[in-house]
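Notes for the one structure printed next.
Please treat every number below as a calculation from the coordinates, not as lab data. Treat the numbers as computed from the prediction; the structure is a model and nothing was measured. Heads up, the Cβs are rebuilt from the backbone with ideal geometry, glycines too, and the neighbour counts pull from every protein chain shown.
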């Protein structure tokens, strides 16, 4: 399955800003055909032995699943439980950084629930970074600046679109 544009944004950031040599999309979390789960973006920085495992939620009107806040937090929690289990199993000797990327997460119950998830994962020795709201915007800004200065095609559709926009003849 091809990556979605939000996933391409994250992959572009990890490849071009963080310096990851390997970026893959929709990586299954199990080789068993009936087991569910995938990570939207998995990136590897070979030099630092850092693995980035990312969940990408590109809901323009807010990160909401199902019937609202509780359903959203429950789904995100399950996704990261599976993701951390996979990360520990697949990359036991690497630093693992888990990320949630979303352009719009309602501030309040959802962000409070995400902070609780960060705390719970930290207790288990895992690190979750939120790239949401203003942080998401800052990351896109970093890519925009890079696109303004760079014309090389890296094979990342989102970044290429930024380059085209940045180099339009006005």
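I need the calculated FRET efficiency for the pair residue 116 and residue 18, taking r as the beta carbon distance and R₀ as 30 Å, to the nearest 0.05.
Computed FRET efficiency for residue 116 and residue 18 comes out at 0.70.
In degrees, nearest 10, range 0 to 90: what is the angle between the Cα axis of helix 157-166 and the longest Cα principal axis of the chain?
40 degrees
Kirkwood Rh over Cα pairs of region 5-166 into Stokes-Einstein at 37 °C, 0.692 mPa s: D in µm²/s?
200 µm²/s
Just how far, in whole angstrom, is region 1-27 from region 109-134 if you go by their alpha carbon centroids?
21 Å
Could you give the alpha-carbon Rg of region 125-167 over 2.2 N^0.38 Å, rounded to two decimals?
1.40
Taking the DSSP beta bridges in region 5-166 as the whole, what percent of them are antiparallel, to the nearest 5?
45 percent
Let me make sure I get this right: for region 80-170, a, b and c are the square roots of the gyration tensor eigenvalues over alpha carbons, sorted descending. Under 1.5 in a/c it's rounded, otherwise prolate if a/b > b/c, else oblate. Which is it?
oblate
Got the relative contact order for region 1-131 handy, in percent, Cα pairs under 8 Å and 6 or more residues apart?
21 percent
Helix 69-90: angle to the longest alpha-carbon principal axis of the chain, degrees 0 to 90, nearest 10?
On a 0 to 90 degree scale, this one is about 80.
Modelling each spin label as a point 7 Å along the Cα-to-Cβ direction, I'd like the residue 166/residue 153 distance in nm, to one decimal.
Modelled inter-label distance: 1.7 nm.
I'd like the orientation of helix 109-123 relative to the chain: the angle between its Cα long axis and the longest Cα principal axis, in ° from 0 to 90, rounded to 10.
That helix lies at roughly 70 degrees to the long axis.
Could you tell me the center-to-center distance, by alpha carbons, between region 142-170 and region 37-105 in angstrom?
If you average the Cα positions of each part, the centres end up 26 Å apart.
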